[in-house]
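The values are calculated or read from the model by the stated rules, or taken from the named source; none is laboratory data. These figures come from a predicted structure and were not determined experimentally. All Cβ positions, glycine included, derive from the backbone under ideal geometry; neighbour counts span all protein chains shown.
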Amino acid sequence: GMQEGDRKKLKDLTAEQTLCAEPETELADIMKVFSDQAVEVVPVIDKKHNVVGILTQNELLQTMLKISNLKWNT
């Protein structure tokens, strides 16, 4: 809830600790996070904790469906 004219900073609106993944994180582990936690987005960070991407539940589901479809058609 931000109203026009509010002077809040991003740190005031975000959690102190955020669930993140690294590019090498297994997809099964990320699927478990989406299933077990109330999150729909997981930032992907490098070794220096820089955000290098964002993975959403929807993107993961679409990718898994594409992989499944490829396996069925081969």
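Okay, here's what the table says:
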| read-out | value |
| --- | --- |
| Residues that are part of a helix (DSSP H, G or I) and out of contact with any helix residue (DSSP H, G or I) (no Cβ under 7 Å at 6 or more places or on another chain), drawn from the range 28-55 | A28, D29, K32, V33, S35, D36 |
| Top-ranked residue in the range 11-53 [being farther than 21 Å from T63 by Cα and of a type in the set (D, E); ranked as modelled with the highest pLDDT] | D46 |
| Considering residues of the range 54-74 that are polar (S, T, N, Q) and surrounded by 10 or more Cβ atoms within 10 Å (Cβ to Cβ) only, the residue modelled with the lowest pLDDT | N69 |
